[in-house]
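I have placed the structure first, in the form of structure tokens, so that the comments after it can refer back to it.
The values are calculated or read from the model by the stated rules, or taken from the named source; none is laboratory data. Just so you know, these numbers come straight off a predicted model, no measurement behind them. Note that we place each Cβ from the backbone using ideal geometry, even for glycine, and neighbour counts take in every protein chain shown. Side chains are part of the model used for accessible areas, which takes the heavy atoms of the whole protein and leaves out ligands, DNA and RNA. Shrake-Rupley method; radii C 1.70, N 1.55, O 1.52, S 1.80 Å.
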Amino acid sequence: MRLLSALLLATTLSACSVLQGTPQPAPPVTGSPQEIQRSQTQGLNKIGTVTVLERGSPMDSERALKEKAVAAKADYYLIILNDETVVPGQWYAQAILYRK
């Protein structure tokens with residue numbers, strides 16, 4: 001029983017490491033904000049967060065987030081939430097803005 005418990009614990013802990021991303025550098029800065037992954041935020045300066053409430057599709061809310069990132073003169077943005085509200089076709093999204 002102890003061996004099974006130890007094996008189960010070791011398997012569970014090693015599975016958690018799969019969910020952690022290895023830090024990677026952000027892509028080179030371009031003329032417009034780029035969407036990045038959480039593993040690419042190391043060394044970047046957080047300049048704020050933005051939220052949008054859009055009717056349409058998830059892509060419409062992502063486009064609105066990018067427009068807000070452009071307005072804030074961000075180099076990068078990380079979408080942390082993009083979910084449909086209780087109203088069908090209405091999407092709420094949130095992103096963190098970064099500069100190099």
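In the stretch 69-99, whose amide N lies under 16 Å from the spot 7 Å out along Cα-to-Cβ of THR49? List them in ranges.
In the stretch 69-99, the label zone of THR49 (backbone N under 16 Å from the point 7 Å along Cα→Cβ) covers 69, 77-83, 92-98.
To the nearest 10 degrees, how steeply does helix 2-19 sit against the main Cα axis of the chain, on a 0 to 90 scale?
Orientation of helix 2-19: about 20 degrees from the principal axis.
Residues of the stretch 55-69 with amide nitrogen under 20 Å from the 7 Å Cα-to-Cβ point of GLU84?
Output list for this probe position: 55-65.
Would you mind telling me the share, in percent, of accessible area of the chain contributed by carbon and sulfur at probe 1.4 angstrom?
Of all accessible area on the chain, carbon and sulfur atoms account for 59 percent.
Just from its helices, what would the mean residue ellipticity at 222 nm be for the chain, if runs of 4 or more DSSP H residues each count -39500 (n - 2.57) and the sum is divided by every residue, rounded to the nearest 500 deg cm²/dmol? Write out the running numbers ahead of the final one.
Numbers: 2 runs with 32 residues, N = 100.
Calculated from helices alone, the mean residue ellipticity at 222 nm is -10500 deg cm²/dmol.
If amide hydrogens are placed 1.01 Å from N in the peptide plane, which non-local residues have theirs closer than 5 Å to the one on THR49?
LEU97
Determine ³J(HN,Hα), in whole Hz, for all residues of the stretch 37-54 in sequence, where each value follows from phi through the Karplus function 6.51 cos²θ - 1.76 cosθ + 1.60 and θ = phi - 60°; x replaces Gly and Pro.
9, 4, 5, 9, 8, 4, x, 8, 9, 6, 10, x, 10, 9, 10, 9, 10, 10
Per residue, how large is the accessible surface of the chain? Use a 1.4 angstrom probe and give square angstrom. Spell out each step's value before the answer.
Values: 6900 Å² over 100 residues.
I get 69 Å² per residue for the chain.
GLN24 to SER39: extension gain in nm, 0.36 nm per residue of separation minus the Cα-Cα distance? Show your work: numbers first, answer last.
Working: separation 15, 0.36 × 15 = 5.40 nm, distance 0.58 nm.
Extra length available between GLN24 and SER39 comes to 4.8 nm.
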